[in-house]
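A.B. asks: One structure follows; several queries about it will come next.
Any read-out appearing in this document is the output of simple, stated calculations on the displayed coordinates, not a laboratory observation. Keep in mind that what you see is a predicted model, and the values were worked out from it rather than measured. Here the Cβ is made from the backbone with ideal geometry for all residues, glycine too, and neighbour counts use every protein chain on show.
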Amino acid sequence: MQIRILHNECCGHGECNLIAPDVFTLDVRNRCMVLDPEADTPEKVREAAEACPCAAIVLMNDDGDEIYP
Ligand code: SF4
């Protein structure tokens, strides 16, 4: 799985980091950063994407096809 963060949309809420802390972190300016897209299950990564209040997380399969949203 590949993860793209839409930084213009990210409001630094941190919900992604709470759900999958090994995958998502926040930088010093409270912007979401991807640590390792494979550090948790695809289900957990999707749960984090769905929980993002700003719809700032885009998920793609290994072929680069968008699978969320
Ligand atoms: S949950 Fe969404 S808005 Fe919040 S830090 Fe993560 S990507 Fe940004």
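A.B. asks: Collect the residues in the range 23-69 that are part of a helix (DSSP H, G or I), in contact (Cβ under 8 Å) with a residue 24 or more places away in the chain and basic (Lys, Arg), keeping them in residue-number order. Working first, answer last.
C.D. replies: From the range 23-69, those part of a helix (DSSP H, G or I) are 42-51; that's our starting set.
When the remaining residues are screened for being in contact (Cβ under 8 Å) with a residue 24 or more places away in the chain, the result is 42, 44-45, 47-49, 51.
44 - this is the single residue of the range 23-69 that is part of a helix (DSSP H, G or I), in contact (Cβ under 8 Å) with a residue 24 or more places away in the chain and basic (Lys, Arg).
A.B. asks: Write out, first by first residue and then by second, each pair whose Cβ atoms fall under 8 Å of each other, whose residues are 6+ apart or on separate chains, and whose first residue, in the range 9-22, is without any contact (Cβ under 8 Å) to a residue 24 or more places away in the chain while the second is assigned to a loop (DSSP other than H, G, I, E, B) and more than 6 Å from the ligand (Cβ to nearest atom).
C.D. replies: Cβ pairs passing all conditions: 12/29; 12/30; 12/31; 14/30; 22/35; 22/36; 22/39; 22/40.
A.B. asks: Sort out which residues of the range 1-22 are within 12 Å of residue 45 (Cα to Cα), of a type outside the set (A, V, I, L, M, F, W, C) and assigned to a loop (DSSP other than H, G, I, E, B), and write them in order of number.
C.D. replies: 21, 22
A.B. asks: Which members of the range 23-52 meet the condition of being loosely packed, with under 14 Cβ neighbours inside 10 Å and more than 21 Å from residue 67 (Cα to Cα)?
C.D. replies: Answer for the range 23-52, where residues must be loosely packed, with under 14 Cβ neighbours inside 10 Å and more than 21 Å from residue 67 (Cα to Cα): 27, 28, 29, 30.
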